[in-house]
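Bear in mind these aren't lab numbers, they're just calculated from the coordinates by the rules spelled out. On a predicted model such as this, the values are computed, not experimentally measured, just so you know. Reconstructed Cβ throughout: ideal geometry from the backbone, glycine too, with neighbour counts over all protein chains shown.
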Amino acid sequence: MRWTQMNSKICTLIPAAGEGSRLKSSVKKPYLALAQKPILAHTIQRFEQHTAIDGIFVIVNEADFEMCQATVLAPYAFQKVQGLVAGGATRQMSVYNGMRALPANADFVIVHDGVRPFVTDETIFACLDAAAEWGAAVAAVPVKETIKIANEEGFIDETPMRDRLWTVQTPQVFRKSLLEEAHQIAAVQQLTATDDAALVEQLGYPVKLVSGSYTNVKITTPEDLRIAKALLADFL
């Protein structure tokens, strides 16, 4: 399925309100330079150039609106960015704020981390195709190492079968109506989750795993930043 041939309206939410404390930098992680360009600008560019995307909404701390406009949006003249959205106290609240900013006629919503700048067009297309069929889809990769579950005393309690374990990434793609329902119910029932897929799972809806890429890294630590610099040449 090639989404350029469909009539569905697709919008992207890019949460980028993180502080970046693990990077040990005085600059917030979305605005750290990667080849003299903010990480967030690299990420937005991946969706700006994607043929299926109609609109992009960037979610940042309200106090950072001016900085985001001056260092990320204005210098690169993104045409698909339709607005800045104020982030919330948690990522979940930030995405919920983003959902409320979407146009009423949006059919599908893509949620993608602002500091995950190496997503490919093919991964985005694959997630869209799966979401069209199932309503919800997430990029993920099989874990490479054996995982242990520990008890409260720090001893191994269980070793799950590795062939069923996946590391979940973004993009995560949903029918807009489904993700709206998940966030609204979570808000009323005070449910929390570490990603949007988990909120949809709590409603009992299936979420399809789509093969992502090990290069689709999220930059959260100094080690990640070094890896990103090594990967950058393949994405320029």
Residue with peak Gaussian network fluctuation, the chain [Cα springs, cutoff 10 Å], from Ile56, Ile147, Ile39: Ile147
Let me spell out the model: positive unit charges on the Cβ of Lys and Arg, negative unit charges on the Cβ of Asp and Glu, origin at the Cα centre of the chain. What dipole size does that give, in debye rounded to 20? 540
Taking each pair of distinct Cα atoms in the chain once, what is the resulting Kirkwood hydrodynamic radius in Å? 18.4
Quarter of the Cα convex hull surface for the stretch 92-172, i.e. its orientation-mean projected area (nm²): 8.0
In terms of the charge dipole of the stretch 8-234, which places +1 on Lys and Arg and -1 on Asp and Glu at the beta carbon, the residue among Pro38, Ala126, Gln184 farthest towards the positive end is Pro38
Where nothing but the Cβ of Lys and Arg (+1) and of Asp and Glu (-1) is charged, how large is the charge dipole of the stretch 114-225 around its Cα centre, in debye to the nearest 20? 220
Dimensions in Å of the stretch 79-122 - Rg and Dmax from alpha carbons: 11.8, 32
To one decimal place, what Kirkwood hydrodynamic radius in Å is obtained for the stretch 98-236 from all pairs of distinct Cα atoms? 16.7
Taking only Cα atoms and a 10 Å spring cutoff, compute GNM fluctuations for the chain and point out the largest among Ser94, Ser26, Ser211. Ser26
Anchor Lys176: lysines whose Cα lies under 26 Å away (excluding residues fewer than 8 positions away in-chain): Lys9, Lys80, Lys208, Lys218
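As a test, work out the antiparallel percent of DSSP beta bridges whose residues both lie in the chain, rounded to the nearest 5.
Antiparallel: roughly 40 percent of the beta bridges in the chain.
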Name the most mobile residue of Val119, Val210, Val27, meaning the one with the largest mean-square fluctuation, in a Gaussian network model of the chain with Cα contacts below 10 Å. Val27
Would you mind pulling out the separation of the Cα centroids of the stretch 57-83 and the stretch 196-215, in Å? 28
For the stretch 6-111, percent of DSSP beta bridges that are antiparallel (nearest 5) comes out at 5
For the chain, calculated [θ]222 nm from helices alone, where every DSSP H run of n ≥ 4 adds -39500 (n - 2.57): -8500 deg cm²/dmol
Of the chain, which part is the longest with no trypsin sites (Lys or Arg not before Pro) in a loop (DSSP not H, G, I, E, B) and with at most 11 other C-beta atoms within 10 angstrom? 25-143
Please name whichever of Pro15, Pro117, Leu199 sits farthest to the positive end of the charge dipole of the chain, dipole taken about the Cα centre and charges placed at Cβ: Lys and Arg +1, Asp and Glu -1. Pro117
How high is the FRET efficiency from Gln45 to Phe65, r the C-beta distance, R0 22 Å, rounded to 0.05? 0.65
